[in-house]
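Report on one structure; see the data block that follows.
Just so you know, all these numbers are worked out from the coordinates, no wet-lab data involved. Since the structure is predicted, the reported quantities are computational estimates derived from the model, not experimental observations. Because the Cβ atoms are built from the backbone with ideal geometry, glycine has one as well, and the counts that use them run over all protein chains shown.
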Amino acid sequence: MFTGRKIILEQPAEKDAAVLQKWYLNKEFRYWYDSYVSVSLDMITEDIKNGKAITDPSATRVDFIVCNKRNNEPIGIASIKEIDRQNGHAEIALGIADESKRLAGFGVDLMIVLLDIVFYEFGFEKCYTKVNDDNDLGLRSALSFGFIGEGKLRNHIFRDGKYIDQWILGMLKSEYEKIAIVPKWKSRK
């Protein structure tokens, strides 16, 4: 379990399968969080059973349920994936499913906790994320947090009958350590 100022990250348990399925069936949520595997309750439950812990050296992906720290209510999901221990980098994906929590500081807190895991638990040099070009909030949030656009995959996602570009945004550990809000945010835990 990892905690931030406003959130708690826990590995999903079988009891979380129904809420995950509800979020994955939500078309709008799927637009912004593209890291789900299936909408089948059986497959979600199987993914949870087969999930890897952050301490497992064979893990190439670690999934989390994001809970509101005040009441332990699930509000979203996050993943650290494409874990590459040899080259010291990983991709993060995050999604706040509860729309009322999206602009309430939960995303910033979640980003800080995920980056702390990538940079300090794994000891990696780099973290990156992918954001679809039509996800204005996600793109603005990542860029304003300090991620740097590293490239655009043109016409990479096909959705609703059209192709969408996808951005790759990266951050180095040294860049993360220079972000002024991070130590201030952590000091208010």
Exercise. Which of Ala104, Ala17, Ala93 moves most in a GNM of the chain, Cα contacts under 10 Å?
Worked result: Ala104
Seminar exercise, completed: If each K or R counts +1 and each D or E counts -1, the residues other than Asn87 whose Cβ falls under 14 Å of its Cβ total -1
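Run the numbers for Glu28 and Ser144: contour at 0.36 nm per residue of separation, minus the present Cα-Cα distance, in nm.
Gain on extension, Glu28 to Ser144, equals 39.5 nm.
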Seminar exercise, completed: Checked against the positive end of the charge dipole of the chain (+1 on Cβ of Lys and Arg, -1 on Cβ of Asp and Glu, about the Cα centre), the farthest of Ile80, Ile179, Gln21 is Ile179
Exercise. Net charge near Lys49, counting Lys/Arg +1 and Asp/Glu -1 over other residues with Cβ under 13 Å of its Cβ?
Worked result: -4
Exercise. How much length is gained on full extension from Asn87 to Arg188, taking 0.36 nm per residue of separation minus their Cα-Cα distance?
Worked result: 33.0 nm
Problem set entry | Chain lengthening between Lys15 and Asn72 when straightened (0.36 nm per residue, less Cα-Cα) | 19.2 nm
For this session: Averaging sequence separations of C-alpha pairs under 8 Å and six or more residues apart, then dividing by the length of region 66-138, give the relative contact order as a whole percent.
Result: 28
Problem set entry | For region 2-187: relative contact order, % (alpha-carbon pairs under 8 angstrom, 6 or more apart) | 18
Problem set entry | Among Gln86, Gln11, Gln21, residue whose mean-square fluctuation peaks in a GNM of the chain (springs only between Cα atoms under 10 Å) | Gln86
Exercise. When DSSP assigns beta bridges and you keep just the ones with both residues in the chain, what percent turn out antiparallel, to the nearest 5?
Worked result: 90
Problem set entry | Built amide H within the under 5 Å cut-off of Arg159, gap 5+ | Ile164
